[in-house]
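Quick notes on the structure that follows.
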């Protein structure tokens, strides 16, 4: 069997991956990515079977994230108190074509991701309702026309059908590949390509989806 580690050492390559300039340690940026892109992939396992669900999360405090799961979701069987789980938050990402640059570049792909590992703990229905209200307020934005409050009767009925929990954060890994190893001019163009490309791809896919659904 090929020994990859020995091969890399033989070639004098650095085993540290990802490269240091792609590791994001700015707590504020990591916090904001989760605020702006709260939908995470919750990953758990049980008896060699992997379970995943896409769920929105919100910060409860600086060291915990709060989410909820439909009680009909089979993954709920893996959500035991004290269980170690993983969340992956996906920020902006897009293909960066060499055609945008005057210098001789190779194709690449830029992205921002945050991985969180932590321990799962159930929360009370009252804490769950507060978290849903907080998440809705955050996503609606300032001065929004719609506001969810404790007076909404359907909210009290909803909590009967969902399981609320928090993740006590043990480790956070930020992976921001944003052309940090390139020149300032290259970085500025890459940011523009990332923003414009993401908007265009999102719009094109949504149009394609509804066209196929007709």
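The values are calculated or read from the model by the stated rules, or taken from the named source; none is laboratory data. Just so it is clear, the model here is predicted, and its values are computed rather than measured. Positions of Cβ are backbone-derived with ideal geometry, glycine not excepted, and every protein chain shown enters the neighbour counts.
In segment 1-82, counting only strands (runs of 3 or more DSSP E) that sit wholly within it, the ones holding 3 or more residues that are modelled with pLDDT of 95 or more span 39-46, 49-56, 64-70. Report yes if some residue within segment 97-107 is surrounded by 11 or more Cβ atoms within 10 Å (Cβ to Cβ) and under 22 Å from residue 173 (Cα atoms); otherwise report no. Looking through segment 97-107, none of the residues is surrounded by 11 or more Cβ atoms within 10 Å (Cβ to Cβ) and under 22 Å from residue 173 (Cα atoms). Could you go through segment 139-158 and let me know if any residue there is in contact with a strand residue (DSSP E or B) (Cβ under 7 Å, 6 or more places away or on another chain) and modelled with pLDDT under 95. No, there is no match, as no residue in segment 139-158 is in contact with a strand residue (DSSP E or B) (Cβ under 7 Å, 6 or more places away or on another chain) and modelled with pLDDT under 95. Checked against the criterion of being out of contact with any helix residue (DSSP H, G or I) (no Cβ under 7 Å at 6 or more places or on another chain) and on the phi > 0 side of the Ramachandran plot, the candidates 196, 143 yield just one match: 143.
Annotation: of all residues in segment 110-127 being outside any strand (DSSP E or B) and touching a helix residue (DSSP H, G or I) at 6+ places or on another chain (Cβ under 9 Å), the one that is surrounded by the most Cβ atoms within 10 Å (Cβ to Cβ) is 123.
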